[in-house]
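First comes the structure, then the notes that go with it.
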Amino acid sequence: MKKANAPSKIKWVFIILLILIILAAAGYGAYYFYFTPSNQGQLMEGILGLVYTNYVQILISVAALIIMCFIAGAILSHHKEEKRILRFLTVLICLVPAFLVVFFLLKDPLMDIASIQNPRTVLLSNVVLEQEKGQYDVSGTDQNGHLQTYRLNKTSWQKLDDTWGEDSEDVFAQVEIFPRTQIVCSIKVEKGLPQSLINKLSMNDRLSDSWQDMQLQIDNQVYVLNDPLSSLTQSGWTIQQSEFEAKKHENLDAGKSIELDLENKNGMQMHITVTNTTDQTIETSQASITQIVVHRMNSGMHMMLAQKIVLGWSQQDTVEELYGKPTSSEENQLQYQEENKTLNLVFSDQGILDQIHMSVK
């Protein structure tokens, strides 16, 4: 009996040694990837970044598969007399949990492999470079108005820092990322973005091609001067005033105007003037919007004028190219005027559209 068990014991000793070798290799790999100074900050982008940031998940997945395979093998070797269907079900019960572990731990990086040739492009405005404890980050406001932060390799970060340094106001970045894991594939930073790229990412075509139509698109909704105030409030804009003020300004006398501050559910704000253009007292909600003023803030790409001129993103040169010569201009300002319509655009020192003033008389 002892002789019969000898091969079995040798087999299990071999298995244990194999597991120890695998764990030793994994431990060395963890040390190499995570603790070797030469690698810290250098493995955060592309395929290597995908492996680096998911190393623990990969290790757990491989360990789960190996362990469950050994368990299944042990069950098969000790129950050779059982019916085939029972043995099959036993092995299936062992392997299914292992594959589920692999699926839930690695589904994002595995799905991102399909995006290697077609990563997602994210635009960032007001790019800021940050370094802390061996981590190298780039952050900025994306086209949806949300603050995004991405991890870079030390080499990429240093190159950007050498180029821009502290001069990062109105610097823009095109960041290509794996959509599921948010790993950076490539990054390009520059002053301003080509209008062709803005047009590509702003797909709504309902906006006019002429500034004279006095349209402003916000969150895919187009607003037009001379529309009633209710066109804004029914679209989710809230008037920022006290109950007393609301009651006081419930009605508006003929020819009178009132200035109001509004905010929508995404935190975007606008300052407007509404005017009673009729010859009798009406509800303020039915008064006409005769002026809109909006500032950049963190509006993303959600505020735009005719021909997709985007607040906070489009450049002064692009505006002049698309709208033509302004009626008048000052430093960092362009004014377009036609009959009773006025469009006044204010730009930052870097030439990026910073404020929009639209009015009709």
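When each full DSSP H helix of the chain is screened for a Cα extent of at least 18 Å along its own axis and an average Kyte-Doolittle hydropathy of at least -0.5, the helices passing are 2-34, 55-78, 84-113. Model label points for Phe88 and Leu197, set 7 angstrom from Cα along the Cα-to-Cβ axis, are 5.6 nm apart. You can think of it this way: the chain between Lys247 and Phe103 has 46.0 nm of extra reach, that is 0.36 nm per residue less the Cα-Cα gap.
Among Val56, Val184, Val138, the largest mean-square fluctuation in a Gaussian network model of the chain, built with springs joining Cα atoms closer than 10 Å, belongs to Val56. Largest first, the three principal axis extents of the alpha carbons in the range 255-335 are 45, 33, 22 Å in whole numbers.
Please work out which option in [x] 112, 50, 36; [y] 62, 47, 37; [z] 74, 51, 41 gives Cα extents along the principal axes in Å calculated from these coordinates, and answer with its label. Calculated Cα extents along the principal axes in Å: the matching label is [x]. Compared with the alpha-carbon gap, the fully stretched path from Thr149 to Gln286 is longer by 45.0 nm at 0.36 nm per residue. For the residues Ser257, Ser242, Ser231, a GNM of the chain with alpha-carbon springs under 10 Å puts the largest fluctuation on Ser242. Within a Cβ distance under 14 Å of Pro179, other residues only, what is the Lys/Arg minus Asp/Glu net charge? Its environment carries a net charge of -1. Taken about its Cα centre, the chain carries a charge dipole of about 3580 debye when Lys and Arg each add +1 at the Cβ and Asp and Glu each add -1 at the Cβ. A Förster radius of 22 Å combined with the Cβ-Cβ distance from Asp227 to His357 puts the calculated FRET efficiency at roughly 0.80. Length available on full extension from Val62 to Asp213: 0.36 nm per residue minus the Cα-Cα distance, which gives 48.2 nm. Accessible surface area normalised per residue over the chain is 57 Å², counting heavy atoms of protein chains with a 1.4 Å rolling probe. Close amide H contacts of Gln350 (hydrogens built in the peptide plane, cut-off under 5 Å, sequence separation of 5 or more or a different chain): none are found. Dividing the mean sequence gap of close Cα pairs (under 8 Å, 6+ apart) by how many residues the range 152-310 holds gives a relative contact order of 20 percent. Share of carbon and sulfur in the accessible area of the range 165-263 stands at 43%, probe radius 1.4 Å. Once the other residues with Cβ under 15 Å from the Cβ of Asp137 are scored (Lys, Arg +1; Asp, Glu -1), what is the net sum? Net of charged neighbours comes to -1.
Using alpha carbons only, how many angstrom separate the centre of the range 132-170 from the centre of the range 263-341? One Cα centre to the other: 31 Å.
Quick one: grab the alpha carbon gyration tensor of the range 106-199, order the square roots of its eigenvalues as a ≥ b ≥ c, and give me rounded if a/c is under 1.5, else prolate or oblate depending on whether a/b is larger than b/c. In terms of gyration-tensor shape, oblate. Helical runs (DSSP H, four residues minimum) scored at -39500 (n - 2.57) apiece and divided by the length of the chain put the mean residue ellipticity at 222 nm at -12000 deg cm²/dmol. Each residue of the range 326-341 was assigned a 3J(HN,Hα) from its phi angle through the Karplus curve 6.51 cos²θ - 1.76 cosθ + 1.60 (θ = phi - 60°); the sequence is x, 5, 8, 8, 10, 4, 6, 9, 10, 10, 10, 9, 8, 6, 9, 10 Hz, with glycine and proline shown as x.
With the simple model of a label 7 Å out from the Cα in the direction of the Cβ, Ser328 to Cys69 spans 7.9 nm. Here each label is just a point 7 Å from Cα along the line to Cβ, and for Ser139 and Asp279 those points are 6.0 nm apart.
Listed values for the range 348-356 are Karplus-derived 3J(HN,Hα) couplings in whole Hz (6.51 cos²θ - 1.76 cosθ + 1.60, θ = phi - 60°), namely 6, 4, 8, x, 9, 4, 10, 9, 10, and x replaces Gly and Pro.
Across the range 146-274, Cα-Cα pairs more than 20 Å apart make up 64 percent of the total.
The values are calculated or read from the model by the stated rules, or taken from the named source; none is laboratory data. Only a predicted model underlies this, so the values are computations on that prediction, with no experimental measurement involved. Heads up, the Cβs are rebuilt from the backbone with ideal geometry, glycines too, and the neighbour counts pull from every protein chain shown. Ligands, DNA and RNA are excluded from the accessible area calculation, which covers all protein heavy atoms including side chains. Shrake-Rupley method; radii C 1.70, N 1.55, O 1.52, S 1.80 Å.
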